[in-house]
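The values are calculated or read from the model by the stated rules, or taken from the named source; none is laboratory data. Quantities reported herein were computed from a predicted structural model and do not represent experimental measurements. FYI the Cβ positions are ideal-geometry reconstructions off the backbone, even for glycines, and counts take in every protein chain you see. All accessible areas refer to the heavy atoms of the entire protein, side chains included, with ligands and DNA or RNA removed. Shrake-Rupley method; radii C 1.70, N 1.55, O 1.52, S 1.80 Å.
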Amino acid sequence: MPSRLHNLLLRTKKFAIQVLSEQQVHYSLHFSKHCEEDIDQFANIPHHIDSHGNVLLTDMVALLVCKAQAAHLVGDHYLWLGNVEMAWHCKNAEPLLYWRRTYRSLGDELFLKAFEELTLPYEYWDHEAHLRLAWNYIKEYGKEAATPLVKSGIQKFNEVNKDKVKRDYHETVTIFYIELICLAMNESKVAQLSFDDFLLSNKHLLDRNLLFEYYSPDMLSSQQARIRLAILRTP
């Protein structure tokens, strides 16, 4: 089925290619998420509309304004071709590169850098981001060394964003997912998966109800479970 963007290009015959910097990984994450038809993806993103009706983000590394020429069906995707009508190099910065489902300029270090420097926008600090953090630390340091890094990192990030945090740090939940991620990594038949490939092979980790197969709601909501690891029940 043609995408919303494909249908838009058929109508307008124009598009803009906008090159993000390494510091704008949060924009990439934002626009990569599924969006319903009635949601304006640009609502909270700094941008302007040029005289030709192109929506242009603010503070890009480079910008190419194009006229769409043709679309070719390749597999289950459409490949759009266009002529570059205008191009600008907007600022000196390293571009953000994405290849084979991961950021390649610094790999997942871009995500970790934003997290560790406390510049990752809080709206992107969701369940998947928690999994990404743990997966990266475990892959780099092993479970034993990674566990305190994950715990302290979450606590520090939550403290800086305490006006936005809806749930405080939870020891049992954190350790539970660290253990599940380690188990999935150990069972993987591919040694060097990207995080996205890992998650694609382990979709159960995205199930927020998975916890309740091992813990009762009362146990998870208890203060004891929040501050120290609770004993698993048999699922």
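The table for this structure:
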| item | result |
| --- | --- |
| Accessible-area composition of the chain, carbon plus sulfur, in percent [1.4 Å probe] | 53 |
| Under 5 Å, built H, 5+ apart or other chain: amide partners of Lys14 | Ala68 |
| Length-normalised contact order of the chain in % [C-alpha pairs under 8 Å, at least 6 apart] | 15 |
| 22 Å Cα-Cα threshold exceeded, pairs from Lys143/Lys166; Lys113/Lys151; Lys139/Lys203; Lys113/Lys139; Lys67/Lys91 | Lys143/Lys166; Lys67/Lys91 |
| Sum of -39500 (n - 2.57) over DSSP H runs of 4+, divided by residues of the chain (222 nm, nearest 500) | -11500 deg cm²/dmol |
| Mean separation of Cα contacts under 8 Å, 6 or more apart, over the residue count of the stretch 1-105: relative contact order % | 31 |
| Two-site FRET efficiency, Lys203 against Val74, from Cβ-Cβ distance with R₀ of 25 Å, rounded to 0.05 | 0.40 |
| Cα-projected label distance for Ser221 with Cys35, points at 7 Å along beta-carbon direction, nm | 3.7 |
| Lys13-Asp196 pseudo-label distance in nm [points 7 Å out on the Cα-to-Cβ vector] | 3.2 |
| Coil-residue trypsin sites (Lys or Arg not before Pro) of the stretch 12-100, DSSP, other Cβ within 10 Å capped at 15 | Lys13, Lys33, Lys91, Arg100 |
| The stretch 83-180 - percent relative contact order, Cα under 8 Å, separation 6 or more | 19 |
| Debye equation applied to the C-alpha atoms of the chain, log10 I(q)/I(0) at 0.09, 0.15, 0.17 Å⁻¹ | -0.50, -1.15, -1.34 |
| Within the stretch 1-50, GluC sites (Glu not before Pro) in DSSP loop having at most 15 other beta-carbon neighbours inside 10 Å | Glu36, Glu37 |
| Sites Ala93 and Arg228, calculated FRET efficiency, Cβ-Cβ separation with R0 41 Å, nearest 0.05 | 0.40 |
| Mean Cβ neighbour count within 10 Å, used as a protection proxy, ranking 144-151, 49-56 highest first | 144-151, 49-56 |
| Å² of accessible area per residue within the stretch 36-99, as computed with a 1.4 Å probe and no ligands counted | 73 |
| Theoretical FRET efficiency, 1/(1+(r/R0)^6), r = Cβ-Cβ of Ala129 and His48, R0 25 Å, to 0.05 | 0.30 |
| Nonlocal amide H pairs with Asn54, under 5 Å, H built at 1.01 Å | none |
| Helix runs (DSSP H) in the chain reaching 20 Å along axis by Cα, Kyte-Doolittle at least 0.0 | 171-187 |
| Considering only the stretch 1-156, percent of DSSP beta bridges that pair antiparallel, nearest 5 | 100 |
| Amide H within-cut-off set for Tyr98, under 5 Å, with H built and near neighbours excluded | Arg104 |
